[in-house]
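J.: I have a structure here, written as structure tokens, and I will follow up with some questions on it.
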Amino acid sequence: MSSISRSRSAFWGTISSQVFTIITMLVAIISTPLMVRFLDKEAYGLSIIFFQIINYLSLFDFGLSTAVNRSLALHRGDDEYNRGMVNRIVSTGVFTGAFFGLLVTISGSIFAPFVPELFNLRPDLAAPTVPIVITLSLLVGGQLAQRGFAGIFYAHHRQPLVGTPYFIIGNVGTGLTILLLSRGVGLWAFAYVNAFQFLANLLVQVWLLRRYYPDLRVKLSLYDQVLMKSMMSYGIFMFLHGIATQIILFTDRLVIGKVLSLSLVTIFSITVRIPEVGMTLLSSITGNALPAVAEIVVHEGPESAKKHFKRMMILMVSLSMMAFWLMLSLDQWFINLWVGDDFFAGNYILLLALVIMVQQTITRTGSFFLDAKGVVSGSSVVALVEAGLNLAISITLGKIFGMSGILWGTIIAALLTSFWYTPFLLQKHLGIPIQEFVFESLLKPVVGISVLGAAVYWLVNWLHRPALSGWIPFLLVAACAGSLMAAVVWIVYLRHSMGQYVPARLRRYLLLPPISAPIVG
């Protein structure tokens with residue numbers, strides 16, 4: 001596959017996943033008030049804790065899924081050798097994942113009895129919590145076994161093929177959750193829906209594999225211990241990095257639930273819901289691009305890697321800064337309309353959450369290129385140090401300053417560790433000068449977009465008044481603000497670097513030269 005077709009495949013895979021994520025976000029916007037209606041703040045906060053437990057348990061494939069995806073991305077040829085390697089990689093991944101899944105099920109079941117006391121649950125919430133956590137542990141264990149073959153669609157640039165049914169199943173699950181909650185099922189609704197999604201995804205995966213990979217074989221005889229050790233020597237660092245990321249980005253809820261209250265977990269989660277959706281959208285760009293970037297940094301020269309790094313970094317910084325100002329301008333207005341004033345934690349909390357979004361997007365984009373290169377040990381160790389500092393500082397400041405102290409702990413820990421160490425590693429291993437990283441990829445888009453963003457923030461706050469407090473004024477203001485910022489960001493920062501991926505029929509509308517003409521910049 002040529003560089004341009006490979007990049008286009010990753011680009012359009014990303015676009016499809018972005019569309020799915022945005023639609024899922026809209027479904028969540030509609031469903032959240034209904035869930036809050038059927039569950040009080042403390043029960044809804046506990047449901048959020050359940051999802052955090054799932055997220056932590058799902059990491060314990062010890063980096064296997066990322067290692068399998070990377071290995072499959074390097075064996076996409078149609079010759080006999082590459083077909084044989086795919087069978088070995090997938091078979092090794094499936095049986096290794098099944099073993100890790102068994103460990104997760106046992107570990108989660110052992111941990112379950114301690115959850116009610118850990119969060120001081122009232123009796124009606126404590127009773128179902130233990131069996132629910134055990135059930136979720138069993139389901140996560142089953143999901144780990146699937147990861148040995150599920151990643152082949154991403155590794156071979158077929159993201160929409162598997163992403164579409166996942167998207168449908170996920171949104172059906174949301175509707176099923178609301179239905180079960182309305183029937184009085186309570187917290188068990190989340191466990192039942194997870195079981196439905198697990199079985200549905202498994203059936204879809206098996207059908208797609210039989211349809212598109214008829215020569216794929218998963219056999220115990222193809223399990224390769226040497227290959228497993230090779231993959232896990234890479235994967236274990238990705239696992240450590242994943243654990244650190246969960247602690248850095250999502251342990252805030254656990255700390256709030258333990259140090260403050262489950263009700264505040266609900267308020268905090270709703271306040272930062274849109275920033276976290278933004279972070280998910282941004283991270284999906286790098287996630288879908290991993291197979292293409294792995295090929296670039298492994299098989300092509302350093303100049304090509306540097307060119308793609310600069311392009312990706314400008315894209316991510318520009319999008320994150322645009323999201324920062326739009327969310328800061330519109331989030332309070334949105335939450336007031338969505339669920340009410342008493343679910344908004346305040347503009348200060350929102351501002352800190354948005355700073356974390358931008359900070360982590362910048363760091364994770366740099367780490368993403370290091371991961372694709374196979375340079376994972378240094379960044380993983382620093383991420384663990386950051387996670388430890390994050391926990392210590394967040395708990396300490398949380399007891400003193402409350403919710404804001406917990407967020408400051410995340411910001412301070414990053415500034416002391418990954419925010420400076422990642423550029424150092426990029427210079428060392430990819431030859432990217434720190435001054436170029438800071439001034440070209442960061443400061444220019446940050447400063448330029450912030451000038452426009454501050455004007456948009458002032459205008460939106462001027463328009464946000466009681467006479468214009470309904471959904472229609474909000475949607476009109478949001479559409480105008482978003483269109484203005486998107487147009488400026490595209491023209492000034494993204495048009496030349498991303499224009500080559502735009503189809504010919506759309507180029508003139510996006511102020512691009514015809515496809516046959518050379519693209520300057």
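The values are calculated or read from the model by the stated rules, or taken from the named source; none is laboratory data. Just so you know, these numbers come straight off a predicted model, no measurement behind them. Reconstructed Cβ throughout: ideal geometry from the backbone, glycine too, with neighbour counts over all protein chains shown. These accessible areas exclude ligands, DNA and RNA; they are computed on the full protein's heavy atoms, side chains included. Shrake-Rupley method; radii C 1.70, N 1.55, O 1.52, S 1.80 Å.
J.: Computed on alpha carbon atoms, what radius of gyration and Dmax characterise segment 369-521, expressed in Å?
T.: Looking at segment 369-521, its Cα Rg and Dmax stand at 21.3, 62 Å.
J.: Report the charge-dipole magnitude of the chain in Debye, nearest 20, computed about the Cα centre from +1 at each Lys and Arg Cβ and -1 at each Asp and Glu Cβ.
T.: So the magnitude is around 980 debye.
J.: So what J values fall out for segment 354-361 if you push phi through Karplus, 6.51 cos²θ - 1.76 cosθ + 1.60 with θ = phi - 60°, rounded to Hz, Gly and Pro as x?
T.: Couplings: 6, 4, 4, 4, 5, 4, 6, 4 Hz.
J.: Straight-line reach only, C-alpha to C-alpha below 27 angstrom: list the lysines that Lys229 could link to, leaving out same-chain residues fewer than 8 apart.
T.: Leaving aside lysines fewer than 8 places away in the same chain, those within reach of Lys229 are Lys219, Lys373, Lys428.
J.: Here's something else I'd like to know. Per Stokes-Einstein, at 25 °C and 0.890 mPa s, what whole-number D in µm² s⁻¹ belongs to segment 319-433, with the Kirkwood radius over Cα pairs as the hydrodynamic radius?
T.: 157
J.: Keeping the other protein chains in place, figure out the carbon and sulfur percent of the accessible area of segment 393-435, with a 1.4 Å probe.
T.: The value for segment 393-435 is 72 percent carbon and sulfur by accessible area.
J.: Here are several values of Rg and Dmax of the Cα atoms in Å: [x] 26.0, 78; [y] 23.0, 71; [z] 28.4, 85. Which one was derived from the coordinates shown?
T.: [y]
J.: With a sphere of radius 13 Å drawn around the Cβ of Phe344, what net charge do the other residues whose Cβ falls strictly inside it have (Lys, Arg +1; Asp, Glu -1)? If you can, show how the numbers build up before the last one.
T.: Numbers: positive: Arg273; negative: Asp331, Asp341, Asp342.
Within the 13 Å Cβ shell, the charges total -2.
J.: Then there is this: Which value in deg cm²/dmol, rounded to the nearest 500, describes the helix-derived mean residue ellipticity at 222 nm for the chain, given -39,500 (n - 2.57) per DSSP H run of n ≥ 4 and division by the residue count?
T.: That comes out to -27000 deg cm²/dmol.
J.: Another question about this same structure. Give the carbon-plus-sulfur fraction of the accessible surface of segment 437-511 in %, rounded to a whole number; probe 1.4 Å, heavy atoms of protein chains only.
T.: Looking at segment 437-511 in its full context, I get 75 percent from C and S.
J.: Enumerate the aspartates and glutamates that Lys310 could reach by cross-link, defined here as Cα to Cα under 13 Å, with residues fewer than 8 away along the same chain left out.
T.: Of all the aspartates and glutamates, those that pass the test against Lys310 - Cα under 13 Å, at least 8 places apart if same chain - are Glu436, Glu440.
J.: Excluding Ile406 itself, what net charge comes from residues whose Cβ is under 12 Å from its Cβ, given Lys and Arg +1 and Asp and Glu -1?
T.: Every neighbour counted, the sum reads +2.
J.: Could you work out how far apart the two model spin labels at Val218 and Cys480 are, taking each label as a point 7 Å from the Cα in the direction of the beta carbon, and quote it in nm?
T.: For the pair Val218/Cys480, the computed spacing is 5.4 nm.
J.: Sticking with this structure for a sec: Taking Cα centroids, how far is segment 25-83 from segment 107-146 in Å?
T.: Centre-to-centre distance over Cα atoms comes out at 17 Å.
J.: Keeping every protein chain present and rolling a 1.4 Å probe, give me the accessible area per residue for the chain in Å².
T.: For the chain, the per-residue accessible area is 43 Å².
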